C-alpha cells in the first residue's frame, strides 16, 4: 500500500510534508530547469518586505563545523515587483504559494498581509525571527507580546492560512502560545541561531554583517528539542526546521511532534533535497509498515505522556 | 540523480602542479565557456545517499564540507574539463585527496563567462587566478594575445610553459623579483596596455581593484572575474553579493565575470 503522506493545515493542502525553507530556494523559479517544481508540496518564497531591500554587505555566508552562517539581511525585490514579476511565474507550476513576509514595524506586516490577501497566495509565513536585521525580525519574535501583536495584525487582514516563523529564543514557549492565541494556524520553528565567525588572519569578523544565522546539522538537536517542547503545549501544528538533510532527519522531527518539515541549508547543496527527503520518508514508512504519516507525529513522546 | 545542471563526473587524473596547487581532470557530460564555473561537492559522490535514508546523523557526523565550492573552468576538453585549484581550506583539502576513478557531484556550468571581443587581448592572471585565464587563452588567437602573469615568488608561478605552448607572448612579475619584473602585474599592465586592447583579468582582490581603477581611469574595455563566498551557486540564496553601480549583483548568476563599467 502506498503510504499516505499528505496533510492539511487550516485549509492549506500539502501533498507531502516537506517544504523548502524561506530564503534557501529563491522564488522557486530559479530552479525550474533543474527541479520538477510541481512535485513539491509548496513553495515558500524568499522573505519579502513592502519596499525592496538591499541586504547586508558581503561576505554573507561562511561555513563552520557542521553548519553554515549566513547574513543576507533580507535582500528582496519588494512586494510590488514580486507580485508583478515572480508570482505569475510560480503559479505556472500549479503548486501552493506560501509567501514569507518580514518588516521593521508591525504595521508593515499588516500592510503586506492586506496586499497579499487580494493575490493568488495560499498562505503566509510571518517571519518574526530573522537574526540579521537591526529592527524587527527576531526582536519581535523574542517578545511574546510583540509577536502576538504582529500575528494579530496579519490575521485581521489575511483570510487564509498563516504560519508564524519564530526564533530559537529561551522563551520560545510563551512566544509560540502568543502566536497561537492571536490566530496563527501553524508555527514554523526554528529560524537560524544568531552567531559569529572570526577570520584570525585579518582579525575581523568574516561576515559583512558581523553576526549571522547558524543553520545546518549543527542546529538540529536544538531544533528537535524545541519542536518537542512547543508541540507539547500547542493545539495548532508545528512545522520543524533545522539541519534536515535526509529522510531520517525529517522522521526525527515528525516523531518529536512536527506535522511537516522545512529544508533549508540542504537546498543550497542539492536543490533536489526536498524531493529526495520525501522519498526517504516514504521508504521509512514502507519499511515500518506505517500507512499514514499522522501515526508518526509525536510518537517518540508517547512514553513521556 | 543527474539533470541538465547536476552532473556526476569521474576523476581522470589529479596532479600536484606546484606544492599545494592541484590540477584535476574530470570526464563526463561537462561543457561550458571560459569564465564559467562548476559548483562542486568536495567529497566522493556518496551513492548510499541515493537511498535517501542514511542512518540518522551520518551525514552530519562525517567530517566533511557542507556547501559546494565553486571552481572556474581551467580547460575545456572533448568529454570533460580540467580545474586548477589551491588548497585553502577543508573543501579543497578533501578534493586534493581524491584519486583517479573517484566520482564527483557537480552543478554547472554556472554563471556568465567572458564575453570575447574582436580586439587584441591582454590577459592578466594573478596567483591561482590564472586558472580561468588559461581557458580563455585557449579560445583566442595566440598572435592577438599578451598574457601578464603575477605571483608572489618564482616557485608559485603557474602555467608559464603552458601559455608559451599556446604560442602566447607572456610577461611575468613576482613580488620578490625572483622571476620577471619585481612588483605586481599592474606595473606590467602600465607598460603593455595600449588603447583598443581588451583586458581580461582574474586574481586576488587587491590586484583586481588596481586593474579596475586603471581601466576606469583609461576608459579601457575590461572584464574581471570576481570571487565571493558562495551558497547555492544558482541565484537562489543571494549570499554572493557584489556591490555594483546598480546595487548588489549575484556573483554566481550575474557574474562571475563583470564588465568594469558595471562596477
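The values are calculated or read from the model by the stated rules, or taken from the named source; none is laboratory data. Quick caveat: nothing in here was measured; it's all calculated off a predicted structure. Reconstructed Cβ throughout: ideal geometry from the backbone, glycine too, with neighbour counts over all protein chains shown.
Can you name the condition, by its number, that residue B:40 falls short on among (1) out of contact with any strand residue (DSSP E or B) (no Cβ under 8 Å at 6 or more places or on another chain); (2) within 14 Å of chain A (Cβ to nearest Cβ)?
(1)
Counting only residues that are within 14 Å of chain B (Cβ to nearest Cβ) and buried (at least 24 other Cβ atoms within 10 Å of the Cβ), give me the helices (runs of 4 or more DSSP H) lying completely in the stretch A:213-305 with at least 3 of them.
Once the helices (runs of 4 or more DSSP H) in the stretch A:213-305 are filtered for at least 3 residues that are within 14 Å of chain B (Cβ to nearest Cβ) and buried (at least 24 other Cβ atoms within 10 Å of the Cβ), what remains is A:247-255, A:265-269, A:273-288.
Among the residues of the stretch A:14-28, is there at least one that is more than 14 Å from chain B (Cβ to nearest Cβ), touching a strand residue (DSSP E or B) at 6+ places or on another chain (Cβ under 7 Å), within 24 Å of residue B:231 (Cα to Cα) and touching a residue at least 12 places away in the same chain (Cβ under 8 Å)?
Yes, there is a match, as at least one residue in the stretch A:14-28 is more than 14 Å from chain B (Cβ to nearest Cβ), touching a strand residue (DSSP E or B) at 6+ places or on another chain (Cβ under 7 Å), within 24 Å of residue B:231 (Cα to Cα) and touching a residue at least 12 places away in the same chain (Cβ under 8 Å).
This table checks each residue for (1) within 21 Å of residue A:259 (Cβ to Cβ); (2) at pLDDT 95 or above.
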residue: A:153; (1), (2): no, yes
residue: A:160; (1), (2): yes, yes
residue: A:186; (1), (2): yes, yes
residue: A:197; (1), (2): no, yes
residue: A:205; (1), (2): no, yes
residue: A:226; (1), (2): yes, yes
residue: A:235; (1), (2): yes, yes
residue: A:248; (1), (2): yes, no
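Does residue A:42 count as within 30 Å of residue A:284 (Cα to Cα) and touching a strand residue (DSSP E or B) at 6+ places or on another chain (Cβ under 9 Å)?
It is true that residue A:42 is within 30 Å of residue A:284 (Cα to Cα) and touching a strand residue (DSSP E or B) at 6+ places or on another chain (Cβ under 9 Å).
Select from the stretch A:50-93 the residues that are in contact with a strand residue (DSSP E or B) (Cβ under 6 Å, 6 or more places away or on another chain) and over 26 Å from residue B:67 (Cβ atoms) and list them in ascending order.
Matches in the stretch A:50-93: A:79, A:82.
Do we find a residue being assigned to a helix (DSSP H, G or I) and crowded, with 21+ Cβ neighbours inside 10 Å anywhere in the stretch A:48-64?
No, the stretch A:48-64 contains no residue that is assigned to a helix (DSSP H, G or I) and crowded, with 21+ Cβ neighbours inside 10 Å.
Just a yes or no: is a residue in the stretch A:95-105 out of contact with any strand residue (DSSP E or B) (no Cβ under 9 Å at 6 or more places or on another chain), more than 19 Å from residue A:194 (Cβ to Cβ), away from every other protein chain (no Cβ under 14 Å) and touching a residue at least 40 places away in the same chain (Cβ under 8 Å)?
no
Would you kindly identify the strands (runs of 3 or more DSSP E) lying entirely within the stretch B:157-263 that contain at least 2 residues that are within 14 Å of chain A (Cβ to nearest Cβ), surrounded by fewer than 22 Cβ atoms within 10 Å (Cβ to Cβ) and free of Cβ contacts under 8 Å to residues at least 24 places away in the same chain?
Passing ranges, in order: B:241-244, B:247-250.
Which one of the conditions (1) modelled with pLDDT of 95 or more; (2) more than 15 Å from the chain's Cα centre (by Cα) does residue B:111 fail to meet, given that it meets all the rest?
(2)
Provide a single number: the residues in the stretch A:110-149 that are assigned to a loop (DSSP other than H, G, I, E, B) and at pLDDT 95 or above. Spell out the reasoning first.
Taking the stretch A:110-149 and keeping what is assigned to a loop (DSSP other than H, G, I, E, B), we get A:118-122, A:128-137, A:142-143.
Keeping just the survivors that are at pLDDT 95 or above gives A:118-122.
The total comes to 5.
Consider residue A:80 carefully, then state whether it is assigned to a helix (DSSP H, G or I) and more than 14 Å from chain B (Cβ to nearest Cβ).
Criteria met by residue A:80.
Mind listing just one residue for me: the one in the stretch A:30-43 that is crowded, with 21+ Cβ neighbours inside 10 Å and within 12 Å of chain B (Cβ to nearest Cβ) and, of those, nearest to the chain's Cα centre (by Cα)?
Only one residue fits best here, namely A:43.
Looking only at residues in the stretch A:67-87 that are at positive phi and buried (at least 20 other Cβ atoms within 10 Å of the Cβ), which one is farthest from the chain's Cα centre (by Cα)?
For the stretch A:67-87, the residue satisfying everything is A:73.
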